[in-house]
């Protein structure tokens, strides 16, 4: 029974199975960089080209993935991360999507999957209200919500 991120409940940190997620400082920094880049892109271009951040030591590379189909671009990015040589310290994949709130309504969200070497991949999100007419984009979450484990982004 696979799980589809676009159908996840944003349940914050309250779920028991997230207790083992203890991100390093380097992972937290990469997450902040990922969300910042994603929201900058939404504000400037109203779209996020799916992208990956690849951290090796102090160096961070950015890779963008374009395809005619958005989901294919995301999948291409995941595949590219899984074949990286040498394996990175931390990899992050960011893209636009939806999560469901308690009422089952879809809410726009920046979705990020992140993995540190030797750890399981985790999926996180921050919801937002898209810019409309004179209204600027509004980020609805103070901090990322953990959605749970994601499929590995690193070479097995």
Suppose the chain between residue 87 and residue 151 were pulled fully straight at 0.36 nm per residue; how much longer would it get relative to their current alpha carbon spacing? 21.4 nm
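When the chain is fully extended, how far beyond the present Cα-Cα distance does residue 28 get from residue 63, taking 0.36 nm per residue of separation?
Between residue 28 and residue 63, full extension yields 10.7 nm more.
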For the stretch 82-124, max minus min Cα coordinate along each principal axis, in Å, sorted largest first? 43, 17, 12
At 0.36 nm per residue, and after removing the present C-alpha to C-alpha distance, how many nm does the segment from residue 71 to residue 44 gain when stretched out fully? 7.6 nm
Sorted by Cβ density within 10 Å, fewest first, the residues 127, 83: 83, 127
Given Cα pairs under 8 Å that are at least 6 residues apart, what percent is the relative contact order of the chain? 25
Within the stretch 106-135: backbone nitrogen closer than 19 Å to the residue 80 label point (7 Å, Cα to C-beta): 111-116
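Throughout, read-outs are computed from the coordinates displayed, never taken from laboratory work. Predicted, not measured: the structure shown is a model, and the values here were computed from it. Here the Cβ is made from the backbone with ideal geometry for all residues, glycine too, and neighbour counts use every protein chain on show.
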